Amino acid sequence: MDRTKTSLEEQMLKNGHRKWPRVRIGKAVIDGISLSILMQRLDKMVVSGKTHYVCFCEAHLCVRATKEADICNILDKASLVLPDGVAMTLGSQLIGHTLPDRLPGPLVMPEYCKYSVSKGRKHFFYGGGEGVAEQVSKKLKEKILGLNVVGTFSPPFRPLTDKEEIDVKRMIEESGAEVLWVGLGAPKQERWMAEHFGKINVPLMLGVGAAFDFHSGNRKWAPVWIRKVGLEWMYRMFTGGKRVFLRNAKYDILIMWVLAKQALARWRGICL
């Protein structure tokens with residue numbers, strides 16, 4: 001590790017500057033931030049006095065943002081858009097850029113939970129199937145001594161009524177939550193965060209999708225060695241059932257088309 005570089009990044013972060021590069025893939029603009037600096041950045045958001053939401057962008061969401069203006073707008077307004085998936089990290093190299101770390105939601109969630117213990121941050125888990133949010137809380141508290149979880153809620157698989165919306169808002173705010181983990185799946189969770197941005201008094205929302213299923217034990221996360229070699233997408237594709245297989249196959253092909261088109265334009269000197 002280049003300690004001089006890390007020290008410079010940390011100093012610029014303290015001074016309020018964004019040091020890391022941003023890479024456009026399709027119409028999604030991805031933040032090329034390292035995991036260590038991300039931890040500091042998230043904590044700074046919690047105490048900023050403002051509200052923030054963070055998105056995790058993989059092939060599916062990137063393609064949707066490229067094709068759908070509303071999703072592109074949601075990502076544009078996010079405080080951070082992180083590279084969740086090897087298509088983002090390897091794809092960025094294809095178009096002449098480098099993203100330092102792959103930062104999937106299932107990794108960032110426990111990492112920030114651990115980081116925040118010494119700060120006393122208050123966490124709320126919102127999402128998943130019935131009882132999943134409670135299981136996430138239970139499992140993480142078993143692994144992370146001192147983790148402060150102030151509430152959980154798994155919403156029904158239908159739009160909430162106006163009364164339910166009010167009740168959920170009150171429940172989250174009265175819990176004193178500072179960090180709201182949202183696990184509704186993409187792009188539902190991104191739309192939910194954008195819709196509730198500024199309406200729920202919580203400093204930081206993060207849409208982490210499958211992290212709820214993995215950390216509750218509801219689904220098996222890919223083994224570490226598979227994640228390290230960048231094949232988690234394939235593991236999920238072949239273990240998630242027919243629906244996941246077909247969706248991932250479709251969007252893996254589409255993201256390759258987006259990247260190939262952008263790489264060709266770069267080679268020709270054209271800015272799309």
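Values quoted throughout were computed directly from the atomic coordinates according to the rules given, and no laboratory measurement underlies them. No experiment lies behind these values; they were computed from the predicted model shown. Ideal geometry is used to build each Cβ from the backbone, glycine not excepted, and the neighbour counts take in all protein chains shown.
Here are some notes:
- Of all residues in segment 169-204, those satisfying the criterion of being within 20 Å of GLU134 (Cα to Cα), in contact with a Phe, Trp or Tyr (Cβ under 8 Å, 6 or more places away or on another chain) and either part of a loop (DSSP other than H, G, I, E, B) or free of Cβ contacts under 8 Å to residues at least 40 places away in the same chain (or both) are MET171, ALA177, LEU184, VAL202.
- Qualifying residues in segment 86-115 (those that are among the small types (Gly, Ala, Ser) and within 17 Å of the chain's Cα centre (by Cα)) - the one farthest from LYS261 (Cα to Cα): GLY105
- Applying the criterion of being small (Gly, Ala, Ser) and exposed (fewer than 12 other Cβ atoms within 10 Å of the Cβ) to the residues of segment 236-272, the residue that is farthest from THR98 (Cα to Cα) is GLY241.
- Flag for GLY176 being surrounded by fewer than 13 Cβ atoms within 10 Å (Cβ to Cβ) and either under 30 Å from LEU259 (Cβ atoms) or over 20 Å from the mean Cα position of the chain (by Cα) (or both): no
- Hey, ALA211 surrounded by 15 or more Cβ atoms within 10 Å (Cβ to Cβ) and in contact (Cβ under 8 Å) with a residue 60 or more places away in the chain or not: yes
- Exclusive hit being within 30 Å of SER48 (Cβ to Cβ) and part of a helix (DSSP H, G or I), set ILE166, ILE226, ILE255: ILE166
- Qualifying residue in segment 141-155 (condition: within 19 Å of PHE212 (Cβ to Cβ) and loosely packed, with under 13 Cβ neighbours inside 10 Å): yes
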